[in-house]
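In what follows, a single structure is set out as structure tokens and then discussed.
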Amino acid sequence: MQQELLLEIFSEEIPARLQKDALHNAKTLMTVLLKEHGARYECVTSFVSTRRVTLCVDALDLTTNDLFEEKRGPKLEAPQSAIDGFLRSNNKTINDLVEIDDYYYLNIMTPGVDIKSVIPTIIEEFIERFPWPKTMRWYLEKEKELSTFWIRPIRSILCIYDGNPINAYVKSVGIEASDFTYGHRFLSSDPIRVFDFDDYAYKLEKNYVMLDYKKKADHVDLEMASMAAELGLIVHMDEDLINEVAGLVDYPFMSIGSIEESFMNLPREVLSTSMKVHQKYFTLTYSDGLIAPFFGNITNVPSTEIMRIGFDRVLKARLSDAAFFFKEDTDISLDAFAQRLSNVVFHEKLGSVGQKVDRMLSIAETKEENRAVSLCKADLVTQMVGEFPELQGVMGAIYALHQEEDKEVAKAIREHYKPQGANDDLPETYIGARLSFFDKLDTVVGFIGIGIYPTGSRDPFALRRAASSIVRLICDCNVLAEEKLSYYVQTLITSYSDQGIAIDISAEKKISDFITERLKVYMSDKLGIDYPAVEAVVSSYDNYDFDFDEAIRKATTFAELLKMNGFEIVQNAYKRVKGVLANAKKAVKKNIKLIEFNNKYANDLKDFLITVSMSDSLEEDLEKAVKLSELV
């Protein structure tokens, strides 16, 4: 028989920023636990809301599978007493032992059991093993001890299988499972009895709890857009903000507030960021994109007139601060701010941000590049960026235009933090792309030069992202101009040395390998070129001073060639080619024409290699490759 299992862990508020990962982790962990206990089921669905983690297991069999375990025992040369003890502890005889790699093993079978007897253990293990990034414990009055760890204190556990509650006492949190849950903290008071998932989801929504995270976010999107449209406005739908407010409320209630006209002369970015970061408000605009003196707000309960007055008043205080910061900042020039960068630490071993700017200036070339570099980090010491770190670069551009800097310079300051990820937009201007390249390359050279690398999944200084951005800027924005990448790396290493910052003498090779690895990832993941072709082409170069575009073209062509019928002939001939040319390997890299063989076949091969070249036709290239295989 196959039935439904419904499990809910009901707790105090779960932080919104943790809910997305918890949604994935809940499903993954439950799937693992079901497998470990031999359960047969169809699928697992997870839900995470402000106060609950919910799982629904469809078509869960009444009995589990028989479980088989290969259990290792003593070594073959172990004393007989150790072997006998191993057999007694597992209720087996000497005839049950199997010898594998110098050890005794037992094949142990655990018969399947009623799933209802396993569910209490699964609940306990789910709570114990859930991977919250931060956890806490609380006192259990019933147990007279501290609970196990969870994100917030657990208040109840709902567990229903086949329409009936599971009788399970979870000792680690001191709670007896039941078939009751709870609705909205303020709009629903009585416990809610449920019978299955459909009943559960229906009754929760009737009691102002929208269980599905995506449904809640979509509801916010649609309802807010509808309310704005009634005023002839458009909502700036920030996906991160939608997801955050969806995680803050059980049921979203929308309202529109107003901004005092006196604040509307602040830059759009200042208004939007102040509303988003501090108040979780949505920006509203007119159809032409101009920001409107209104904001959208999401609350967990229907807003009253007193609440709306309060929202306006709190925003007024925030924007008053922003206006003060803006006025104070614009009274000082960016050049004056830039002089303060020597007091801002970039890294304890890599000097100040002021020194970083000086190093970037060492590889800048044009007048515009030099000016943009000298000002690009100046806004880090402004009051506005101190309050809103998200605006670094943005405020620099705004202040640059305010003091009538060249528009190209201002835009480059704004763009030089791009791209900030694999899918982020590239700078639109060439100067912006060059500035971004200087910044990110200095970071990679510095950290790798002092021996700091990403390890496993840990990359605290985002070096992989910086190197990936460097590759994109080289391939898509042609930031190298007429120079080679090694020129910029060597110049930066020299600049570090001139500042008294010791860089490892072998750093250039390590930097080369690091950037080249990111190029391989870019070619295979971003461009979709088969990795064997990528590896073959990139590894054929002696160092990182090759043309990245050329490597991409070669790898693309080679990947297609590998898939063509007949290429296996070439693969079989490859080892013979290597053998013929083995003794002249070094000369081949320099000039194949200089090689002289005593063997006629080898000279025929050499003559063919001199005349062969890549064409515009894969079929012609394959014909040449087959001809080559015939010569060997």
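The values are calculated or read from the model by the stated rules, or taken from the named source; none is laboratory data. Everything quoted here is computed from the prediction, not taken from an experiment. Positions of Cβ are backbone-derived with ideal geometry, glycine not excepted, and every protein chain shown enters the neighbour counts. These accessible areas exclude ligands, DNA and RNA; they are computed on the full protein's heavy atoms, side chains included. Shrake-Rupley method; radii C 1.70, N 1.55, O 1.52, S 1.80 Å.
Does L527 qualify as being hydrophobic (A, V, I, L, M, F, W, C), open to solvent by 50 Å² or more (accessible area, probe 1.4 Å), modelled with pLDDT of 90 or more and within 24 Å of D424 (Cβ to Cβ)? Step through it out loud before you land on a result.
Numbers: hydrophobic (A, V, I, L, M, F, W, C): yes; open to solvent by 50 Å² or more (accessible area, probe 1.4 Å): yes; modelled with pLDDT of 90 or more: yes; within 24 Å of D424 (Cβ to Cβ): yes.
Taking the combined requirement at face value, the residue satisfies it.
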Exercise. Which pairs do you get when a residue that is surrounded by fewer than 18 Cβ atoms within 10 Å (Cβ to Cβ), found in region 464-483, comes within reach of a residue that is of a type in the set (A, V, I, L, M) and not in a helix (DSSP H, G or I), reach meaning Cβ atoms under 7 angstrom, with the pair 6+ apart or on two chains?
Worked result: D476/L426
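Picking from T54, T45, which residue would you name as being among the β-branched types (V, I, T), on the phi < 0 side of the Ramachandran plot and open to solvent by 20 Å² or more (accessible area, probe 1.4 Å)?
Details: T54 fails: open to solvent by 20 Å² or more (accessible area, probe 1.4 Å).
Sole residue among the options that is among the β-branched types (V, I, T), on the phi < 0 side of the Ramachandran plot and open to solvent by 20 Å² or more (accessible area, probe 1.4 Å): T45.
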For this session: Give, as residue ranges, the helices (runs of 4 or more DSSP H) completely inside region 333-402 that count at least 1 residues that are within 29 Å of E483 (Cα to Cα).
Result: 334-339, 353-361, 367-375, 394-402
Problem set entry | Subset of region 413-426 (residues that are in contact with a Leu (Cβ under 8 Å, 6 or more places away or on another chain), closer than 17 Å to F337 by Cβ and not in a loop (DSSP other than H, G, I, E, B)) | I413
Exercise. Any idea which of (1) out of contact with any Leu (no Cβ under 7 Å at 6 or more places or on another chain); (2) closer than 30 Å to V48 by Cβ; (3) open to solvent by 40 Å² or more (accessible area, probe 1.4 Å) is the one D312 doesn't satisfy?
Worked result: (2)
Problem set entry | Residue count, region 339-368 (criterion: touching a Lys or Arg at 6+ places or on another chain (Cβ under 7 Å) and aliphatic (A, V, I, L, M)) | 3
Seminar exercise, completed: Only unsatisfied item for V277, checking (1) of a type in the set (A, V, I, L, M); (2) at pLDDT 95 or above; (3) not in a strand (DSSP E or B), is (2)
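What do you reckon, is R518 crowded, with 16+ Cβ neighbours inside 10 Å and either part of a helix (DSSP H, G or I) or modelled with pLDDT under 95 (or both)? Before the answer, list the steps.
Details: crowded, with 16+ Cβ neighbours inside 10 Å: yes; either part of a helix (DSSP H, G or I) or modelled with pLDDT under 95 (or both): yes.
Against the criterion (crowded, with 16+ Cβ neighbours inside 10 Å and either part of a helix (DSSP H, G or I) or modelled with pLDDT under 95 (or both)), R518 qualifies.
Let's see how each residue does on (1) within 27 Å of K71 (Cβ to Cβ); (2) open to solvent by 80 Å² or more (accessible area, probe 1.4 Å):
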site	(1), (2)
D101	yes, yes
I119	yes, no
I127	no, no
R155	no, yes
V173	no, no
Exercise. Restricting the first residue to region 141-167 and requiring it to be touching a residue at least 40 places away in the same chain (Cβ under 8 Å), which pairs with a second residue that is among the acidic types (D, E) and assigned to a strand (DSSP E or B) meet a Cβ separation below 6 Å and a spacing of at least six or different chains?
Worked result: L158/E8
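With the structure loaded, tell me whether E269 is closer than 30 Å to S352 by Cβ, open to solvent by 40 Å² or more (accessible area, probe 1.4 Å) and under 30 Å from the mean Cα position of the chain (by Cα) or whether it fails that test.
Working: closer than 30 Å to S352 by Cβ: yes; open to solvent by 40 Å² or more (accessible area, probe 1.4 Å): yes; under 30 Å from the mean Cα position of the chain (by Cα): yes.
Yes; evaluated as a whole, the condition is true for this residue.
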Problem set entry | A323 vs. criteria over 19 Å from A410 (Cα atoms) and over 32 Å from the mean Cα position of the chain (by Cα) | yes
Exercise. Could you list, in sequence order, the residues of region 484-496 that are in contact with a helix residue (DSSP H, G or I) (Cβ under 9 Å, 6 or more places away or on another chain) and open to solvent by 70 Å² or more (accessible area, probe 1.4 Å)?
Worked result: Q490
Seminar exercise, completed: Sole miss for H184 among (1) surrounded by 15 or more Cβ atoms within 10 Å (Cβ to Cβ); (2) at pLDDT 95 or above; (3) in contact with a strand residue (DSSP E or B) (Cβ under 7 Å, 6 or more places away or on another chain); (4) under 27 Å from M136 (Cβ atoms) is condition (3)
Seminar exercise, completed: Scanning region 426-442 for residues that are free of Cβ contacts under 8 Å to residues at least 60 places away in the same chain, open to solvent by 10 Å² or more (accessible area, probe 1.4 Å) and either within 19 Å of R464 (Cβ to Cβ) or touching a Gly at 6+ places or on another chain (Cβ under 6 Å) (or both) gives L426, K440
Seminar exercise, completed: When (1) aromatic (F, W, Y); (2) over 29 Å from D250 (Cβ atoms); (3) buried (at least 20 other Cβ atoms within 10 Å of the Cβ) are applied to F86, the one that fails is (3)
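This table checks each residue for (1) hydroxyl-bearing (S, T, Y); (2) within 19 Å of F447 (Cα to Cα).
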{"site": "I493", "(1), (2)": "no, yes"}
{"site": "G500", "(1), (2)": "no, yes"}
{"site": "I515", "(1), (2)": "no, yes"}
{"site": "R518", "(1), (2)": "no, yes"}
{"site": "K526", "(1), (2)": "no, no"}
{"site": "Y544", "(1), (2)": "yes, yes"}
{"site": "F548", "(1), (2)": "no, no"}
{"site": "A559", "(1), (2)": "no, no"}
